[in-house]
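The values are calculated or read from the model by the stated rules, or taken from the named source; none is laboratory data. Predicted model, so just to flag it, every value in this text is computed and none were measured. As a convention, Cβ positions derive from the backbone with ideal geometry for all residues, glycine included, and neighbour counts pool all protein chains shown. To get the accessible areas, we keep the full protein, side chains included, count just its heavy atoms, and leave off ligands, DNA and RNA. Shrake-Rupley method; radii C 1.70, N 1.55, O 1.52, S 1.80 Å.
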Amino acid sequence: MLTLPIPMFGAFVLVVLFLNLVLREGRHGFLAALIGVCAMQSAVIALAQHYGVGPARMAQPVGAALIPALSWVTFQATAVRRFAWHRDGAHFLAPAFAAFCLVFAQQVLDVLIPALFVGYGIAILIVLRRGADALPRLRLEAGGVPSVIWAVIGASLMASALSDVLIVITQLAGYGAWQPVIISISVTGNLLLVGGLSLSRNLHVAPEQRDTNAAAPPVDIEADAQIMARLDGMVTQQKLYLDPDLTLDRMSRKLGVPVKQLSGAINRSTGENVSRYINARRVAAACDALAAGDSVTSAMLTAGFNTKSNFNREFLRVTGQAPSVWAQSERRGD
């Protein structure tokens with residue numbers, strides 16, 4: 001009797017997520033590609049492990065090598081800098097090398113696949129240690145949420161490597177029958193986690209971005225002061241903080257200052273990252289709206305916030321009160 005194994009169920013879920021991203025959200029970039037590859041890999045695992053399809057067994061290690069490499073490229077292209085074949089294309093050699101090993105040195109795959117998952121997972125976490133300003137292509141309104149999501153994805157990649165190691169150990173110990181169970185539960189779970197998290201709107205790159213990651217000059221206190229004076233004037237006059245799609249990259253382009261130099265100037269001058277600098281302006285605008293009698297939701301949208309959770313979090317951080325409590329205090333004249 002034909003049954004529906006866990007990996008095939010996972011593939012169906014990932015296909016639904018993929019279609020939602022492409023058809024409903026209108027997104028066709030690397031995030032959609034990552035979800036699509038996770039869906040295909042989950043289906044390949046089901047065909048190979050449960051239905052004994054020969055070609056699927058051959059494709060499984062190639063797909064496994066592609067996922068961590070594509071996760072890294074997606075992370076870079078959506079959060080850090082624009083994709084460039086001359087710089088990022090080399091990462092796609094990983095599945096090609098896996099295909100080569102599949103034909104000529106299959107034993108190498110037992111080391112190669114876990115190493116790719118661990119290596120790329122660690123690489124993502126290393127970039128995230130630089131702070132929120134290390135992700136200049138993402139919306140500032142999202143705050144630290146994208147960093148948390150990518151950290152979980154990085155950790156998930158590393159967890160996938162542990163399942164590969166566990167499979168090898170069970171084979172060496174003579175418990176090879178456990179292999180389908182391990183793959184079905186752990187690998188499919190991680191694929192669903194990576195694919196599901198990739199659907200988050202907080203990871204979507206803002207439109208019309210261009211790469212401005214030029215090298216920053218040495219630290220100059222006077223230059224920092226000049227940059228901040230220009231930035232404060234531009235943000236106030238143009239009310240950039242009201243743009244929900246505002247990113248560090250876009251601010252850099254408008255000001256004509258490299259991303260790293262602008263980020264450093266804000267960090268050194270205010271002690272805050274760029275996201276908090278802009279969100280403080282948004283909270284001030286929300287306070288003005290609340291004082292004028294607007295509802296909390298209206299004030300949130302007027303100030304450039306997209307989500308209630310981000311608005312409440314930043315409002316509490318800046319004012320020490322929830323928006324509704326602050327508004328009541330203001331109306332009482334406290």
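Observations on the model:
- Within the range 287-310, residues that are touching a residue at least 24 places away in the same chain (Cβ under 8 Å) and acidic (Asp, Glu) reach no partner that is surrounded by fewer than 19 Cβ atoms within 10 Å (Cβ to Cβ) and outside any helix (DSSP H, G or I) with beta carbons closer than 9 Å at six or more positions or on different chains.
- Residues within the range 246-279 that are open to solvent by 40 Å² or more (accessible area, probe 1.4 Å), out of contact with any Phe, Trp or Tyr (no Cβ under 6 Å at 6 or more places or on another chain), closer than 21 Å to Ala142 by Cβ and in a helix (DSSP H, G or I), tallied: 5
- The residue that is least open to solvent (accessible area, probe 1.4 Å), counting only those in the range 288-334 that are of a type in the set (Ser, Thr, Tyr) and part of a helix (DSSP H, G or I), is Ser329.
- If the condition is being outside any helix (DSSP H, G or I), surrounded by fewer than 18 Cβ atoms within 10 Å (Cβ to Cβ) and not aliphatic (A, V, I, L, M), then the range 75-91 contributes Arg82, Phe83.
- When the range 78-110 is filtered for residues that are polar (S, T, N, Q) and over 18 Å from the mean Cα position of the chain (by Cα), the ones remaining, listed by number, are Gln106, Gln107.
- All of (1) of a type in the set (Asp, Glu); (2) without any contact (Cβ under 8 Å) to a residue 40 or more places away in the chain; (3) open to solvent by less than 40 Å² (accessible area, probe 1.4 Å) hold for Asp232 with one exception: (3).
- Condition check for Arg139: basic (Lys, Arg), over 26 Å from Ala64 (Cβ atoms) and in contact with a Pro (Cβ under 8 Å, 6 or more places away or on another chain): yes
- Any hit, the range 220-229, residues being crowded, with 17+ Cβ neighbours inside 10 Å, modelled with pLDDT of 70 or more and closer than 30 Å to Asp110 by Cβ: no
- Leu47 surrounded by fewer than 22 Cβ atoms within 10 Å (Cβ to Cβ) and over 20 Å from Leu14 (Cα atoms): no
- Residues (in a helix (DSSP H, G or I), open to solvent by 30 Å² or more (accessible area, probe 1.4 Å) and over 14 Å from Ala69 (Cα atoms)) located in the range 94-136: Ala99, Phe100, Val103, Phe104, Gln106, Gln107, Val108, Asp110, Val111, Leu125, Ile126, Ala132
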